[in-house]
Amino acid sequence: MKKFILLFFLLASISSFAQQRILSGSVRTSEDNSPLPGVNVSIKGSRQGTITDVNGQFTLGIVKGETLVFSFIGFTSQEIPVGTSNEYNVTLSPGTHTLGEVQVVGSRNANRTKLDSPVPVDVIDIKSLLESAPQVSITQLLQYVSPSFHSVNGSNAGDAGSALNLSQLRGLGVDQVLVLVNGKRRHKSSNINWGGLGNGATGYDLNSIPTASIQRVEILRDGAAAQYGSDAIAGVINIVLNKNVDQLTLSSTASTRRRGDGTTTRTNANYGFALGKNGGYLNTTAEFATQAISLLPGNDEAGLYLGPIYGGGANTRAYDAIYTKEIDEKILADRGLDRHHFDRRGGGSNKAKDALLFLNAAIPLAQNAEVYAFGGISHRNSQFTAVYRLPGWTERNNAFLYPDGFLPAMENIITDKSFAVGIKGKFRHWAVDISNVYGKNNFGNVITNSLNASLGLRTPTTFDAGSYNASQNTGSIDISRYFDKALKGINVAFGAQYRVETYQIVAGEEASYSKADLRAVFGLDTTANGIVYSTKEGSIGLNGLSPGSQIHAGFRPENAVNVNRSILAGYADVEVNFTRNWLVSGALRLESFSALGNVTTYKIASKYSITDWLGIRGSHNTGFRAPDLAQYYYTETSTSFQQGRAIDQVTASNQSAATRALGFPTLTPEKSKGYTLGITTQPFRNFEFTADAYQVDVNNRVGNTGNFSATDVNLPLEVRNLFVQTGTTQAKFFYNSFSTRTKGLELTGSYKTPFRSGALTLLFGANFVNTEVKNVNTPKGLEAYRYIIFNDGEKARVTSNIPGKKINLQGTFRIGKLTYLARAIYFGSVTNASALNATFPKPDYFFQKLKPIWVVDASVAYSFSKILQGTIGVNNAFNQLGDYSDQKLNALSKPSIIGIQNGSAGIQPFIRITARL
């Protein structure tokens with residue numbers, strides 16, 4: 001907090017020396033003189049800009065530059081010299097071929113746009129979506145508008161991962177996409193995810209950035225490791241923050257689900273302050289969100305438990321002649337309960353509260369330089385509740401404490417901090433940008449309404465299960481220059497980066513991980529002189545009661561780590577316009593990791609405009625992803641459910657003795673090769689279309705192995721000791737276990753036409769993707785464990801757990817004071833694989849193919865005045881849920897919605913109020 005106060009003081013001090021000039025005006029059409037909202041207004045040769053409001057008005061602070069640029073899809077752009085006047089009223093004429101939005105990601109040429117880029121880039125206006133779309137978080141907004149972006153509700157992941165909504169591009173891993181904010185590298189979450197999209201992986205918590213602070217999102221759909229570094233195998237997501245001034249925007253949204261559960265609210269405020277008189281700004285955002293507990297999606301009996309409740313055979317057998325269903329029903333009636341008392345909660349989303357603060361600021365120091373800063377802090381309390389521990393689960397419950405069983409809860413307290421500061425400007429015609437970005441993510445784990453069964457009546461019911469955190473500090477210098485007289489223009493860029501990453505695990509309290517019934521096992525041996533002595537042979541559990549806090553056991557002292565690594569990188573990037581129609585770009589990057597050595601990557605891309613309305617483009621790149629520190633050092637104990645039965649599992653650190661004894665080596669970087677070939681076309685006015693085919697080969701991907709069983713007598717002593725020490729019966733490990741090939745085709749299209757008092761915008765997008773496993777890496781000596789090292793569940797996760805087809809159709813119609821939105825999203829079929837056991841040598845899995853679904857959203861917004869707007873609408877208007885789980889998976893429970901295609905929660909109406917003051 002002291003750093004933030006110091007920064008504000010510094011910015012305010014600098015601003016007092018500045019001279020401010022604010023330009024304003026309006027933009028209208030030449031056809032009928034109607035106002036044009038959403039027009040890009042920028043200062044040529046700089047990154048300053050804004051967009052016109054619903055009345056075609058704009059306000060822009062000028063720092064440097066002599067020309068205003070007005071651009072809008074469907075219209076011919078205009079350049080207006082800045083004179084002595086501070087008011088500029090402009091009329092735009094419809095044009096056959098027009099300028100697209102200026103982009104940052106994918107090119108270091110400040111004049112590049114998404115339309116003439118040699119690689120596919122989506123530029124998504126978040127402000128317009130926040131007015132009409134049912135979704136409010138950035139991950140869900142992108143899920144419903146970008147066909148190559150995929151994210152589902154975190155509850156599919158379970159445990160701490162349920163607090164996050166991770167993101168994928170092109171069907172690749174959540175850790176194979178890089179996220180930037182204002183073009184600067186952002187830090188990841190510290191959490192290792194289980195199940196869902198990111199099994200055994202860390203990803204980005206995009207929802208720790210308030211949506212109201214975002215102006216637009218740029219999605220580079222192409223490998224870019226040579227340009228930006230590790231992780232950018234599938235592409236790059238760049239979040240561009242707001243820099244508007246002198247406007248207060250307030251918005252509040254509320255929605256609920258069909259059964260009145262899962263109510264969400266999100267309220268935010270955004271305001272920009274002018275700093276000085278030369279275009280400096282401080283844009284601030286505050287946001288608060290709540291999420292109520294949700295029931296399992298589906299019918300009213302989804303997930304209802306059917307088996308024994310109070311009998312000692314619960315979770316091990318069905319009813320029989322001795323313990324009948326009638327006995328259970330009588331006990332329930334006597335206690336005033338019904339079977340819904342034992343329902344699982346969650347399923348659609350966690351109970352959560354979020355509070356977020358963010359800022360984006362810049363102050364000119366001179367005509368050609370400015371200092372900038374951005375960042376913020378977010379705090380989230382997220383509660384995950386798992387499967388109800390029944391009173392008859394004698395190995396997991398204590399009837400004296402919980403006579404009716406208990407529903408354990410995992411409280412994740414997540415704090416995310418980030419701050420970037422830099423200075424950029426022109427030095428002898430070279431653009432220089434020097435910056436430092438720091439980010440840290442902390443995950444606290446508190447277990448409530450639980451117990452450690454092995455402690456008996458001495459057990460607490462609330463546990464501090466420990467915490468973990470990860471940080472990243474990146475210092476960069478980026479230098480570029482555009483030579484407009486060489487050929488048809490050459491842009492040269494180069495730079496260097498030094499990054500330090502840390503990872504820490506803090507142990508929990510002893511009761512959260514201990515196994516109270518462990519006893520030392522002693523044996524007898526004899527010396528050469530015949531003297532008998534005792535030997536310690538290890539430990540054994542005596543009573544068989546489950547150890548550690550239920551739902552998630554705490555981190556043990558031997559699991560605690562505090563590690564770091566440093567990365568030094570240098571790059572060169574060149575774009576050459578050989579002719580007006582032919583662009584070639586190339587990049588080369590060298591990164592040196594303190595523990596992994598050197599990695600060199602390159603990229604080459606080109607676009608050729610066959611005519612002024614048709615172009616062809618293509619690229620080839622190499623990439624890499626260094627395993628995260630968490631994947632090297634994370635260890636945890638948790639409970640999974642196989643055929644409805646609880647199984648305690650341990651995930652061993654990649655650096656542990658058990659991992660080495662088993663034969664798994666230390667992790668190595670993933671490496672990739674990517675290819676893209678596509679076309680861009682504007683066959684007639686106001687219409688754009690792109691089609692890009694791609695292939696990405698990734699070798700030695702880091703995964704989580706299947707489960708090694710404690711019943712396997714052939715496992716090394718170190719592994720068997722791990723089972724005894726943690727009280728678990730299955731173990732899994734991190735390993736570079738497999739290689740994949742991903743092929744796909746992406747299509748995008750847009751049509752936008754204005755008319756008197758209104759406008760129509762149509763958007764189309766599609767992604768058809770297929771991933772296949774090309775190779776499984778089996779360590780020498782572990783050939784018999786081939787189907788455990790890379791099991792069918794992990795194979796399904798990377799090949800068939802996300803839709804192979806996704807189609808987005810959206811229309812927005814504005815007329816007068818009304819704005820209508822309608823869209824449909826097609827999520828293709830997926831195949832789910834569920835573990836039935838840990839049988840050696842090949843575990844059994846149940847495969848279920850889930851049918852495709854269409855999700856339809858609709859809304860209508862009404863502007864009561866220039867200040868106030870109201871929106872009502874519905875997400876998933878036709879209540880498309882997807883398939884229920886097969887009864888064969890768990891005969892003791894009613895089927896529930898699987899929901900891995902889109903995390904479907906069913907129909908969800910919403911209401912929103914927005915005010916601009």
**Asked** Going by how many other Cβ atoms sit within 10 Å of their own, how do D222, D433 line up, fewest first?
**Response** D433, D222
**Message:** What aspartates and glutamates does K325 reach when the alpha-carbon gap must be under 17 Å and sequence neighbours fewer than 8 apart in one chain are set aside?
**Reply:** D334, D338, D404
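Sorting H187, H340 on the 10 Å Cβ count, fewest up front, what's the list? All intermediate terms of the calculation are to be shown ahead of the outcome.
On the way: H187 25, H340 12.
Fewest-to-most Cβ neighbours within 10 Å comes out as H340, H187.
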**Message:** Using a Cα-Cα cut-off of under 19 Å, which aspartates and glutamates could be cross-linked to K488, ignoring same-chain neighbours fewer than 8 residues away?
**Reply:** D116, D573, E575, D612
**Asked** What residue among S834, Q810, L487 has its Cα farthest toward the positive end of the dipole of the chain, where the charges are +1 on Lys, Arg and -1 on Asp, Glu, each on the Cβ?
**Response** L487
**Prompt:** What is the gain in length, in nm to one decimal, between I913 and W582 on full extension, counting 0.36 nm per residue of separation less the C-alpha to C-alpha distance?
**Reply:** 114.4 nm
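Counting each DSSP H run of 4 or more residues in the chain as -39500 (n - 2.57), what helix-only mean residue ellipticity at 222 nm follows after dividing by all residues, to the nearest 500 deg cm²/dmol?
Values: 10 runs with 74 residues, N = 917.
One gets -2000 deg cm²/dmol as the mean residue ellipticity at 222 nm.
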**Prompt:** Each residue of region 447-463 in order: what ³J(HN,Hα) in whole Hz does its phi give by Karplus 6.51 cos²θ - 1.76 cosθ + 1.60, θ = phi - 60°, with x for Gly and Pro?
**Reply:** 9, 10, 6, 9, 6, 9, 4, 5, 8, x, 6, 7, 6, x, 10, 10, 9
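Can you sort I898, I214, I907 from fewest to most other Cβ atoms within 10 Å of each residue's own Cβ? Each step should come with its number before you reach the end.
On the way: I898 22, I214 26, I907 17.
With the fewest neighbours first, I898, I214, I907 line up as I907, I898, I214.
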**Asked** So how do 234-240, 451-457, 82-88 stack up, highest first, on mean other-Cβ count within 10 Å?
**Response** 234-240, 451-457, 82-88
**Prompt:** Given N residues in region 624-676, what is Rg(Cα) / (2.2 N^0.38 Å)?
**Reply:** 1.55
**Request:** Round to a whole angstrom and tell me the spacing of the C-alpha centers of region 482-552 and region 383-437.
**Result:** 19 Å
**Asked** Once you put a point 7 Å from the Cα of T290 and another 7 Å from the Cα of F273, both along the Cβ direction, what distance in nm separates them?
**Response** 3.0 nm
**Item:** Distant-in-sequence amide H partners of N242 (H built 1.01 Å from N, under 5 Å)
**Value:** I214, Q215
**Message:** Checking the cross-link filter: which lysines have an alpha carbon closer than 26 Å to that of K817, excluding same-chain neighbours under 8 positions apart?
**Reply:** K127, K752, K866
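We did not get these values from a lab; they are worked out from the coordinates using the rules stated. Everything quoted here is computed from the prediction, not taken from an experiment. With ideal geometry, Cβ positions are generated from the backbone for all residues, glycine too; neighbour counts draw on all protein chains shown.
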